[in-house]
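The values are calculated or read from the model by the stated rules, or taken from the named source; none is laboratory data. As the structure is a prediction and not an experimental result, all values here were calculated from the model. Please note: Cβ atoms are built from the backbone with ideal geometry, for glycine as well, and neighbour counts cover all protein chains shown. Calculation scope for accessible area: heavy atoms of the full protein, side chains included, ligands and nucleic acids excluded. Shrake-Rupley method; radii C 1.70, N 1.55, O 1.52, S 1.80 Å.
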Amino acid sequence: MLTFLLYTSFHLSRKPISIVKSELHKNCSAASELAAAGGAVAGSGGQEASFPSLHTEMECSWKPFDKSNYKQLLGAMDYSFLCAYAIGMYLSGIIGERLPIRLYLTVGMLSSGLFTCLFGLGYIYNIHSLGFYIFVQVANGLVQTTGWPSVVTCIGNWFGKGRRGLIMGLWNSHTSVGNILGSLIAGYWVSSNWGLSFIVPGLIIAAMGVICFLFLIEHPNDLKGIYTQNPSPGNSVSKGHLFYPSCVSAKSWNGANGHPKVYLQYKDNKKQNYDTELLLPRDAVCVPAQPVVVVKSESEPSAISFMGALRIPGVVEFSLCLLFAKLVSYTFLFWLPLYITKAAHLDAKKAGDLSTLFDVGGIVGGILAGVISDKLGKRASTCAVMLLLAAPTLYGFSMISQLGLGPTVGMLLICGGLVNGPYALITTAVSADLGTHKSLKGNARALSTVTAIIDGTGSVGAALGPLLAGVLSAGGWNQVFYMLMTADFLAL
């Protein structure tokens, strides 16, 4: 549950930029017309016409996003974040394997909170430099890469392979929950003070970082360490480095050559088990005991290298599969509301609300993919079948979405399930399985690196998908859907 809340806060802090975009560049056409009309009236009265127009222009958009190329500038912020995230993910896993996960995740969340708040401070301190906002996005993209490998490693440590599909399918819904909460929080202040749309989520993820530091337990073995450090009184009697059960006491006499001999004296007032009662008399007796030296190796398995992780069977294959699957998913994330606006002739708010059904279908698809893969024990086959069904479904959606609202709702749910189902399964259960592959011979220090490689490769597709959709949409939406269907087939 804690890892669910932690990664929910990551997505919560990513969402404000998509909400605030409409405030950074408003629809200035209506404002310009009003300004022109006001100027004409003022001019007829013999007054200066330039002041109302200037005031309206200043109030309309936030510099430097008030120019005609605002789409490219806003897109540059998206791509700077996604590209930094994709590149940083490869490094994040390698670093995470060599540091305590709790500390690594805490530093990442505190840093992400700082840069998220920094973006909002641009409004408060009236900053209009594009370089400032690009820098904040790049830095935030890099530090946010600490999240996914860390939480997947933790969840993989706690749950066995047989239950990973179902549990991680449910757990992966944090993405949608974070997006919804981020939208609500950012939307509350977007019109009055969009700086708070970033500052409040930034403070939330920073607070969750403190909670992570105080309460996160990385591995079940850490609980055993707590109990062994605090043994219950009376459960054992310690003599030097030898530990004796509470049913015995230790006595020593000097033996030959000055070496002590240790005898275990069974106390008469302690109840013995059945086998002990058969072998020992009721009276107290001293039995010579041989010392047993338990040697604990101080050296732990070394963290796996980047090339070593690539050599794990299935890592390269699933990484490339996720590249194309995430390309499709993130194209829907960035372009679906606009497509619904054009195809179903809805306003922006209704199109945005309708697009959330794609995420709802994704939650259901992720859970179903996990359950099916657990039952069959074939995660690759589960992904392949869903991807194979997704391609024609995307084409059907492009046709049916023009027929009305009802068919669009149904196809959104189906497409969301088939597109996000394999995406969720690969980034969670499959990554955890490969990170604990039998070829590692019990070395558990590979899960973070494997997860980072797989999700980092997928993030490359996440950056390419919206870019290609923007280029192809100029020639018609059918070309975008052909690109998405091709990507699904390549993912196979």
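Tabulated data for the structure shown
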| item | result |
| --- | --- |
| Val136 surrounded by 22 or more Cβ atoms within 10 Å (Cβ to Cβ), under 20 Å from Leu82 (Cβ atoms) and without any contact (Cβ under 8 Å) to a residue 24 or more places away in the chain | yes |
| Any hit, region 447-454, residues being at pLDDT 80 or above, closer than 14 Å to Ala491 by Cα and open to solvent by less than 10 Å² (accessible area, probe 1.4 Å) | yes |
| Region 311-362: number of residues that are among the β-branched types (Val, Ile, Thr) and over 20 Å from Ala424 (Cα atoms) | 3 |
| Those residues of region 463-487 which are β-branched (Val, Ile, Thr) and farther than 20 Å from Ser319 by Cβ, in sequence order | Val471, Val480 |
| Output for region 461-492, where each listed residue is modelled with pLDDT of 85 or more and within 21 Å of Ala380 (Cβ to Cβ) | Gly461, Met485, Thr486, Ala487, Asp488, Phe489, Leu490, Ala491 |
| Test result for Ile101, within 20 Å of Ile217 (Cα to Cα) and over 15 Å from the mean Cα position of the chain (by Cα) | no |
| Candidate set: region 400-438, residues that are open to solvent by 10 Å² or more (accessible area, probe 1.4 Å), assigned to a helix (DSSP H, G or I) and at pLDDT below 85; chosen: the one farthest from Thr331 (Cα to Cα) | Lys438 |
| Residues (among the hydrophobic types (A, V, I, L, M, F, W, C) and closer than 23 Å to Phe81 by Cα) located in region 457-479 | Val460, Ala462, Ala463, Leu464, Leu467, Leu468, Ala469, Val471, Leu472 |
| Exclusive hit being open to solvent by less than 40 Å² (accessible area, probe 1.4 Å), of a type in the set (A, V, I, L, M, F, W, C) and not in a helix (DSSP H, G or I), set Phe65, Phe81 | Phe65 |
